[in-house]
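Here the structure comes first, spelled out in structure tokens, and everything after it is commentary.
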Amino acid sequence: MNNLPPSGSHRSWAVQAAVWLRRRSAASTGLALAAAYVLTGKLSLLLALPPGYASAIFPPAGIAVAASFIGGKRTWPWIFTGSALLNLGVGYSASQGWTWIGVAAAGTIALASVLQAAAGGWCLRRFIGYPTLFDTTGEVVKFLLLAPLVCLVSASLSVGGLTALGVFAATDSATDWFTWWIGDTLGVIVLLPIVLVIAGSPRAPWRSRALTVAVPMLIAFALVVFVFVQATKWEFEDSLSEFRFQSQSLSDLLQTEFRVQERLLEQIEAFLSNDATRPISRSQFKRYAQAFLGNFPMVQAIEWAPRVPGARRLEFESRQRADFPHFQIGEQDRTGRLQAAADRADYFPITYVEPLESNREAVGFDLESQRDRRSTLTTALHEGIPVASPPVHLVQEKEQQSGILLMRRVTQGGNAPGVVLTVLRVRDFVDRTNAMDRSAFRILLLDVASQAPIYGTPEGLNSGPLFERTLTYGTRLYRLKLQPTEQYLARHRQWKSWTVLALGLFGSGLLGALLLLLGSGVARRREAEERLALTLVGADLAMTDWDVARDRIVYGSGWTKLLGYAPGDLGSKSTDLAALVHRSDAPAARHALIRHMKGDTPTFEAEVRMRHRSGHWVWVLARWMAVDRDADGRVLRIAGTGMDITARKQAEEEVVRLARTDSLTGAANRRTFLEQLETALARVKRFSESASLLMVDIDHFKAINDTYRHAGGDAVLKHFAGVCQSRLRRVDLLGRLGGEEFGILLVGADCASACEFADQLRQRLADTPACTPDVQIAFTVSIGVTQIGRTDSGAETVLGRADVALYRAKETGRNRVESI
């Protein structure tokens with residue numbers, strides 16, 4: 001009995017197995033296609049422009065067109081799947097979840113991607129044919145012409161759909177469409193030859209091109225992306241220069257305004273201490289305080305709180321009821337309402353307050369009744385200097401903003417003893433001081449001791465670039481943090497690096513296309529590839545071909561534009577070219593060239609100054625590569641380029657100068673001055689050298705600004721800086737520390753010689769007024785002098801001592817020099 005199936009059944013089973021294997025192979029290939037689409041898409045989006053969909057190159061577009069060209073319509077479902085998964089992921093990341101708009105956007109892009117792949121595959125088969133080797137000029141030219149035409153499909157459908165869905169702004173649709181089209185076009189030009197090397201037919205010729213086509217293209221692609229990333233970092237840093245400058249200016253202004261507030265309190269204390277025989281009345285206090293309040297709208301109140309012994313509380317309350325019938329010394333209950341204060345040994349009730357109407361609720365409030373105010377009061381009574389309180393919520397505050405009390409004791413005069421205080425509304429203070437575009441910057445001001453935010457919120461800051469500085473107000477420290485917003489970064493976005501990327505990628509694609517046309521011969525092909533790569537990288541640059549064995553150099557026409565010499569005028573020897581290099585740059589360039597010729601480095605690259613025919617120096621970026629070596633590795637021929645980078649060098653120097661100097665006066669900015677002061681202090685400690693610091697303040701500068709406006713104030717500042725610079729040596733340094741306050745570092749000067757220099761400078765400035773087109777402005781300066789000592793702990797210590805000397809000079813009549 002025969003149990004075997006008939007022969008026909010054997011054939012049916014074999015056919016079914018073959019079909020199953022083909023389907024399994026097709027499914028594996030499809031999954032690989034979808035995975036490659038998603039993976040390369042995620043990588044390309046790292047180079048994308050906001051809002052994150054349009055990249056300078058989109059490799060999946062090239063993979064999809066190549067897959068459709070090779071496999072036809074059976075690849076379309078996998079292309080749709082890969083595109084949908086990629087863009088669903090993008091939408092999920094952008095929205096932190098699934099949204100119908102994200103799903104619709106992913107579907108729109110996926111459909112557009114499939115239609116573009118189908119159109120690309122059909123056009124390439126129709127006008128070039130398949131299988132193909134792309135080994136004729138006609139086929140390569142057709143491919144380069146068809147790629148941008150085919151890529152109109154996805155750019156138009158995708159951008160149109162995303163604009164309709166509201167993902168893209170209609171005002172930006174032209175830019176979005178262009179970047180999308182460029183990204184897809186470059187993706188097709190670069191990736192299609194690589195995909196053909198991997199899966200194209202006929203297999204043997206395409207496989208043999210892996211090292212001669214695919215690898216050079218991938219290397220070129222990687223180099224272009226690397227250059228793009230570095231250029232993007234440089235552009236990003238450059239875009240932050242305005243942010244850093246404005247942040248420094250705002251921090252200087254805030255610190256200056258804090259000092260103004262301290263001096264305001266000192267003037268009020270002096271007013272209350274003036275007459276020891278007769279106390280200042282409420283009406284006199286009102287008139288005096290109102291003279292200041294108009295200039296300081298951020299000050300909520302100016303207040304006077306006398307010390308009232310507990311035994312005299314009733315007598316004091318009775319006396320105050322002549323002006324306030326319901327006056328009582330009070331404190332806040334748990335709900336914030338005022339109630340009669342508990343018994344204490346002493347009280348410090350708010351008695352005089354201006355303006356009265358907006359601060360009436362504070363009248364009678366005892367500063368001893370709350371811990372934060374009590375600790376500040378105790379310190380102010382003990383120290384005898386302005387002392388700032390921790391952030392407080394004001395008794396009279398109707399809005400949600402922090403307040404700071406600045407207190408100073410009064411020990412003389414008819415009203416003594418007691419404390420005078422100002423009440424600063426922090427948000428109003430910062431907003432009025434800040435003249436920057438608020439949509440461009442995020443601001444956070446923290447009380448250092450409590451880490452409590454008194455302006456802005458920590459949640460508003462992200463991990464982006466940050467400017468930080470510590471400010472001082474009434475012996476209390478505050479941390480200022482500023483960060484550029486997305487609007488600032490968008491307004492300062494530069495396109496140079498993106499353009500370099502697009503052109504470099506196009507060059508990579510063109511390189512691949514041209515490599516397909518190279519003739520046979522491994523040695524000739526390698527040399528031609530290297531020369532072509534240099535030609536593409538150095539297009540429109542000064543080309544050089546150096547026969548090392550015969551020491552003969554052939555120059556391209558670009559040298560005429562670069563240095564003004566005709567190629568025949570440069571001389572054919574390497575020494576002739578080296579003679580044009582600046583002697584300061586020659587050793588490093590020679591060392592780098594020797595290392596390259598030894599094979600230690602793949603290329604030679606150096607930035608050197610070269611003498612132009614007219615006599616001036618030109619910064620040149622020289623890139624050379626050994627393109628031929630003998631069997632022992634000795635270099636036979638070197639090819640290279642020279643590029644004029646003078647403008648870039650000048651721009652870099654200007655950026656450094658702006659980062660280290662004050663733009664108005666040309667003096668060093670505060671950060672640079674402090675760095676040099678630290679250096680001088682280190683030399684004093686290590687070598688026992690002499691050095692002194694002068695702190696200079698322009699007297700009555702606010703009055704000058706008020707009288708002659710900012711143009712007059714600027715003229716005074718520039719005149720002051722000019723006179724100082726004319727009297728300083730090269731080793732000395734002038735720095736602008738903020739507003740009208742300057743520092744002068746005198747190297748090698750002891751206190752006596754520094755005082756002599758300071759007095760001569762003071763006299764010179766008093767004798768030479770600043771000039772504007774309309775008026776001459778006379779002004780004087782006060783100067784504090786201190787010698788840097790070996791025991792000084794840091795620059796801030798020296799600055800503080802000089803500041804005290806400056807304060808003495810101003811307190812004793814101004815237009816003086818005082819030393820410590």
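The values are calculated or read from the model by the stated rules, or taken from the named source; none is laboratory data. Small disclaimer: the values here were computed from a predicted structure and weren't measured. Because the Cβ atoms are built from the backbone with ideal geometry, glycine has one as well, and the counts that use them run over all protein chains shown. Protein only, heavy atoms only, side chains kept; ligands, DNA and RNA dropped before computing areas. Shrake-Rupley method; radii C 1.70, N 1.55, O 1.52, S 1.80 Å.
Tabulated results
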| quantity | calculated |
| --- | --- |
| Length gained when the stretch F236-Q760 is fully extended (0.36 nm per residue, less Cα-Cα span) | 184.0 nm |
| Sites T603 and R337, calculated FRET efficiency, Cβ-Cβ separation with R0 51 Å, nearest 0.05 | 0.05 |
| Coordinate range along principal axes, alpha carbons of the range 661-820, Å, largest first | 51, 32, 22 |
| Accessible surface, per residue, of the range 130-225 when the full set of protein chains is kept, probe 1.4 Å, Å² | 42 Å² |
| Simple label model, 7 Å out from Cα along Cβ direction - E486 to K649, nm | 4.2 nm |
| Virtual spin-label span in nm between Q725 and R479, 7 Å along Cα→Cβ | 3.7 nm |
| Per-residue HN-Hα couplings for the range 374-384 [Karplus 6.51, -1.76, 1.60; θ = phi - 60°; Hz; x = Gly/Pro] | 5, 5, 5, 4, 4, 5, 5, 5, 7, 7, x |
| Charge dipole magnitude, Cβ of K and R +1, D and E -1 - the range 143-294, Cα centre, debye nearest 20 | 260 debye |
| Å³ per residue enclosed by the Cα convex hull of the range 237-371 | 167 Å³ |
| Using a Förster distance of 45 Å, the FRET efficiency for K718-S572 (Cβ separation, nearest 0.05) | 0.25 |
| Protein accessible area in the range 674-789, 1.4 Å probe - carbon and sulfur % | 48 percent |
| Accessible surface of the range 394-486 [probe 1.4 Å, protein heavy atoms]: carbon and sulfur percent | 46 percent |
| Förster radius 41 Å - calculated FRET efficiency between Q412 and A659, Cβ distance, rounded to 0.05 | 0.25 |
| Accessible surface of the range 249-390 [probe 1.4 Å, protein heavy atoms]: carbon and sulfur percent | 48 percent |
| Normalised alpha carbon radius of gyration of the range 641-684 [divisor 2.2 N^0.38 Å] | 1.63 |
| In the range 648-737, the trypsin sites (Lys or Arg not before Pro) that fall in loop regions by DSSP, at most 16 other Cβ within 10 Å | R729, R730 |
| Cα centroid separation, the range 743-809 to the range 288-319 (Å) | 38 Å |
| Mean Cβ count within 10 Å, highest first, over the residues of peptides 343-356, 762-775 | 343-356, 762-775 |
| Members of K42/K598; K286/K702; K233/K685 lying beyond 32 Å, as alpha-carbon distances in this model show | K42/K598; K233/K685 |
| Solvent-accessible area per residue for the range 279-406 (1.4 angstrom probe, square angstrom) | 50 Å² |
| Length released on extending from T772 to A169, taking residue separation times 0.36 nm less the Cα-Cα span | 212.2 nm |
| Positive dipole terminus of the chain, leading residue within I57, Y565, I698 (C-beta point charges) | I57 |
| 48 Å tail of the calculated P(r), the chain, as % of Cα pairs | 48 percent |
| Chain lengthening between A579 and L144 when straightened (0.36 nm per residue, less Cα-Cα) | 152.2 nm |
| Nitroxide proxy distance, nm - points 7 Å out along Cα→Cβ at H612 and A26 | 6.7 nm |
| Angle between the chain longest axis and helix 59-71 axis [Cα atoms, degrees, rounded to 10] | 20 degrees |
| Accessible area in square angstrom per residue, the range 420-470, 1.4 angstrom probe | 45 Å² |
| Size of electric dipole in the range 606-727: Cβ of Lys, Arg +1 and of Asp, Glu -1, about Cα centre, debye, nearest 20 | 300 debye |
| Hz values of 3J(HN,Hα) by residue in the range 359-370 - Karplus curve (6.51, -1.76, 1.60), Gly and Pro given as x | 10, 4, 5, 7, 5, x, 5, 8, 5, 7, 7, 10 |
| Between 0 and 90°, nearest 10: helix 701-727 axis offset from the chain longest Cα axis | 70 degrees |
| log₁₀ of I(q)/I(0) at q = 0.14, 0.20 Å⁻¹ - the range 582-692, Debye sum with one point per alpha carbon | -0.80, -1.02 |
| Whichever lysines have a C-alpha closer than 23 Å to that of K73, once near sequence neighbours (fewer than 8 apart) are set aside | K142 |
| Tilt relative to the chain, helix 152-165 - C-alpha long axis, 0 to 90 degrees, to 10 | 40 degrees |
| Total charge dipole magnitude, the chain, about the Cα centre, Cβ charges on Lys, Arg, Asp, Glu only, Debye to nearest 20 | 2520 debye |
| Ranked packing of 475-483, 177-185, 117-125, most packed first, by mean Cβ within 10 Å | 177-185, 117-125, 475-483 |
| For the chain, calculated [θ]222 nm from helices alone, where every DSSP H run of n ≥ 4 adds -39500 (n - 2.57) | -17000 deg cm²/dmol |
| Dipole axis of the chain (+1 Lys, Arg; -1 Asp, Glu on Cβ), positive-most option in T812, T791, T171 | T171 |
| Environment charge at A416 (Cβ cut-off 13 Å; Lys +1, Arg +1, Asp -1, Glu -1) | +2 |
